[in-house]
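Trainee: What follows is a structure written as structure tokens; I'll ask about it next.
Only the coordinates and a few stated rules stand behind these numbers; no lab work does. No experiment lies behind these values; they were computed from the predicted model shown. Here Cβ is always computed from backbone atoms with ideal geometry, including for glycine, and neighbour counts include all displayed protein chains.
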Amino acid sequence: MWTSALLTIGMLVISNIFMTFAWYGHLKLQQSGYSSNWPLFAVIIFSWAIALFEYSFQVPANRIGFCGNGGPFTLMQLKVMQEAITLIIFTIFTIVFFKGEALHWNHFVAFVLLIAAVYFVFLDTSK
């Protein structure tokens, strides 16, 4: 049970790294001048190529982790956990690659609320 939980979480982290690069990496490439002359179609194809790797981790993570397939997580738990992981990865990506973006107090409040969302979605209400 713990093995599938850790595998699911690990695969969700990897998939979200790829997703963040697929969705926002092209902006950094444009800033650096590498892809500033690419037509939008080329940027979309480039992002899709990266997203293929994202799906290669996301889909198996959901299959392994879903309680309907013998995993430890409900569908709601998988989704809320994935969203929390997405925002953590996105925040790290933004801080590392986009130096002009700053974190403010409201971002920290939002993160606390997301952690609360994860807590509440895992709360056992059957008691």
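Trainee: Any idea what the dipole of the chain comes to, in debye rounded to 20, about its Cα centre with Lys/Arg Cβ at +1 and Asp/Glu Cβ at -1? Can you show the working numbers first?
Mentor: Values: 5 positive and 4 negative charges, 8 e Å.
Result for the chain is approximately 40 debye, rounded to the nearest 20.
Trainee: Which value in nm describes the separation of the simple spin-label points at Phe120 and Ala102, placed 7 Å from the Cα toward the beta carbon?
Mentor: With each label placed 7 Å out from Cα toward Cβ, I get 3.1 nm.
Trainee: Please tell me the relative contact order of region 2-122 in percent, rounded to the nearest whole number, where contacts are Cα pairs under 8 Å and at least six residues apart.
Mentor: Details: 102 pairs, mean separation 37.6, N = 121.
Value for region 2-122: 31 percent.
Trainee: How would you rank Glu101, Glu54, going from fewest to most other Cβ atoms within 10 Å of each one's own Cβ? Working shown, then result.
Mentor: Details: Glu101 11, Glu54 20.
By the 10 Å Cβ count, ascending: Glu101, Glu54.
Trainee: For Ser35, what residues show an amide H to amide H distance below 5 Å, using hydrogens built from the backbone and excluding near sequence neighbours?
Mentor: For Ser35, whose amide H was placed from the backbone, the distant partners under 5 Å are Gln30.
Trainee: At q = 0.14, 0.16, 0.21, 0.23 Å⁻¹, what base-10 log of I(q)/I(0) does the Debye formula yield for the chain when every alpha carbon is treated as an equal point scatterer in vacuo?
Mentor: Debye intensities relative to I(0), on a log10 scale: -0.73, -0.89, -1.19, -1.28.
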